[in-house]
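Quick notes on the structure that follows.
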Amino acid sequence: MGAFYTYCKYNTRLTSHLFFNTIRMSGVENIPKNKPVLLAINHPNSFFDAVIVGGMIPRSTYFLARGDAFKNKIAFPILTSLNMLPVYRLSEGKENLNKNTETFDACQDILEKRQVIIIFAEGLSENNWAMRSLKKGPARIAMKAWNSQTPANELVIVPIGLTYEHFSGAGKNILVNIGKPIEKHDFEGIANEALLVKTFNEKIANNFGELAYIDPEMQEGDAKHQEFRAKLQEIIAREKSVPAILNHLRSSEKAKKKVNNKLFINWSLVFMPLYAFSTWLTPKIVKPKLFFDSISFGLVMFLWPVYLLIIGLLVKAIF
């Protein structure tokens, strides 16, 4: 691992205690320690999804990310140093599609070294609790690995479901639910590539339905979302297991209390000026709300050491 990647990985874990109310994670034992792994994750919150999973699991990871993010000359070296690989869509220019071949070749090299790749099977991200149609990329990466005569043919697919309380900055609860591995023998007897892709995506989609909270009708801020938040806050206070939390969320029981919008993390009063600054600055850096969490978390992650230094110097000057 590079020094910058290592710093960001462990700083993500530290910052999570400042930025979130709670992260509950279950199933980390389902990620093999010495095999090539493709982590297939649902995609409700843009770059933030990769930050959460990549920062919290014990193994180092590579990430497949949207190609347009790499066009900026300043962003390019930063993204590559964070183990990110570009995947281009047709909307980002037909001339860029050939570059995807280089990325998929790089994925094969990574898997041959028995390392871990994060991929978002839905492709596009939206801030909601729906499940979008899955792309062909994960299945094709898996088929190439399984058909090789290299260590990559030991590849396992590990589905992960992410559930966010909301998508509006600090203080949220997050569920990270890591499912059982999917292996090559699960597709034995399927010789037709199109049928294999279809079967592969159906298996991943079924896993997402079990591993994450899915409700395509719920929109952030509506009455159903307020009920969901109140219920999640109640359950997460008494349950540790993510599957148990999700089972309660899906039950017909009603929340006994209203949503607590003041629910916040430890040290919230100390860091309130930093949260306020990141909330103010984020919309000036990026306009789409989809990237709000990614940028605001990044600002807190890189600024909190400086912020504490300033606080320390002010206290020293006063006393």
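Just want the answer: with Cβ charges of +1 for Lys and Arg and -1 for Asp and Glu, which residue in Gly2, Asn30, Gly137 is farthest toward the dipole's positive end in the chain?
The one lying farthest along the dipole's positive direction is Gly2.
What relative contact order, as a whole-number percentage, does the chain give when Cα pairs under 8 Å and 6 or more residues apart are counted? Intermediate results must be reported in sequence, preceding the final value.
Numbers: 501 pairs, mean separation 74.9, N = 319.
Contact order relative to length: 23 percent.
So if I take the centroid of the Cα atoms in the stretch 72-90 and the same for the stretch 200-257, what is the distance between those two points in Å?
Rounded to whole Å, the Cα centres lie 33 Å apart.
Which of the three applies to the stretch 179-319, rounded, prolate or oblate, going by the alpha-carbon gyration tensor with a ≥ b ≥ c and a/c under 1.5 meaning rounded?
Details: a/c = 2.49, a/b = 1.72, b/c = 1.45.
The shape class here is prolate.
Using the Cα gyration tensor of the stretch 183-241, with a ≥ b ≥ c the square roots of its eigenvalues, what is the shape: rounded (a/c below 1.5), prolate (a/b larger than b/c) or oblate (neither)?
Working: a/c = 7.86, a/b = 2.32, b/c = 3.39.
Taking the square roots of the gyration eigenvalues as a ≥ b ≥ c, the stretch 183-241 is oblate.
Starting with the fewest neighbours, write out His17, His166 ranked by other beta-carbon atoms found within 10 Å of each beta-carbon. Don't skip to the end; give the middle numbers.
Numbers: His17 12, His166 18.
Taking fewest neighbouring Cβ atoms as first place, the list is His17, His166.
As a test of the formula, what do you get for the chain when each DSSP H run with n ≥ 4 contributes -39,500 (n - 2.57) and the sum is divided by the residue count, at 222 nm and rounded to the nearest 500 deg cm²/dmol?
On the way: 10 runs with 145 residues, N = 319.
Here the helix-only value at 222 nm equals -15000 deg cm²/dmol.
Which value, in debye to the nearest 20, describes the size of the charge dipole of the stretch 3-318 about its Cα centre when Lys and Arg Cβ atoms bear +1, Asp and Glu Cβ atoms bear -1, and nothing else is charged?
On the way: 39 positive and 28 negative charges, 153 e Å.
Taking the Cα centre of the stretch 3-318 as origin, the dipole is about 740 debye.
Across 10 Å bins from 0, what is the distribution of all Cα-Cα pair distances for the stretch 116-167, in whole percents?
Percent of Cα pairs in each bin: 20, 44, 24, 10, 1.
Within 10 Å of each candidate Cβ there may be at most 13 other Cβ atoms; applying that plus a DSSP loop requirement, which trypsin sites (Lys or Arg not before Pro) in the stretch 35-127 survive? If you can, show how the numbers build up before the last one.
On the way: sites: Arg59, Arg66, Lys71, Lys73, Arg89, Lys94, Lys99, Lys113, Arg114; in loops: Arg59, Lys71, Lys73, Arg89, Lys113, Arg114.
The qualifying sites are Lys71, Lys73, Lys113.
Can you pull the Kirkwood radius for the stretch 90-242, inverse mean 1/r over Cα pairs, to one decimal in Å? Intermediate values should be presented prior to the final figure.
Details: mean 1/r = 0.0565 Å⁻¹.
For the stretch 90-242, inverting the mean 1/r across all distinct Cα pairs yields 17.7 Å.
With charges set only on the Cβ (+1 for Lys and Arg, -1 for Asp and Glu), what does the dipole of the stretch 14-150 come to about its Cα centre, in debye to the nearest 20?
On the way: 17 positive and 11 negative charges, 34 e Å.
That gives a dipole near 160 debye.
Considering only DSSP states other than H, G, I, E and B, which trypsin sites (Lys or Arg not before Pro) in the stretch 162-269 qualify as loop sites with at most 16 other Cβ atoms within 10 Å? Working shown, then result.
Details: sites: Lys172, Lys184, Lys198, Lys203, Lys224, Arg229, Lys231, Arg238, Lys240, Arg250, Lys254, Lys256, Lys257, Lys258, Lys262; in loops: Lys172, Arg238, Lys240, Lys254, Lys256, Lys257, Lys258, Lys262.
Loop-located and lightly packed - Arg238, Lys240, Lys254, Lys256, Lys257, Lys258, Lys262.
How big is the gap, in Å, between the Cα center of the stretch 128-154 and the Cα center of the stretch 276-296?
So the two Cα centres are separated by 32 Å.
Please go through the residue pairs Lys113/Lys289; Lys35/Lys135; Lys136/Lys180; Lys224/Lys287; Lys172/Lys287; Lys71/Lys198 and name each one whose alpha carbons sit more than 28 Å apart in this structure. Intermediate results must be reported in sequence, preceding the final value.
On the way: Lys113/Lys289 37 Å; Lys35/Lys135 24 Å; Lys136/Lys180 21 Å; Lys224/Lys287 26 Å; Lys172/Lys287 21 Å; Lys71/Lys198 32 Å.
Over 28 Å apart, Cα to Cα: Lys113/Lys289; Lys71/Lys198.
Considering every Cα-Cα pair within the chain, what fraction, in whole percent, is farther apart than 26 Å? List each step's numbers first, then the result.
Values: 24774 of 50721 pairs.
Tail of the P(r) past 26 Å holds 49 percent of the pairs.
None of the figures in this text is laboratory data; all of them are computed from the coordinates on show. What you are looking at is a predicted structure, and each value in this text was computed from that prediction instead of being measured. Backbone-built Cβ (ideal geometry, glycine too); neighbour counts: all protein chains shown.
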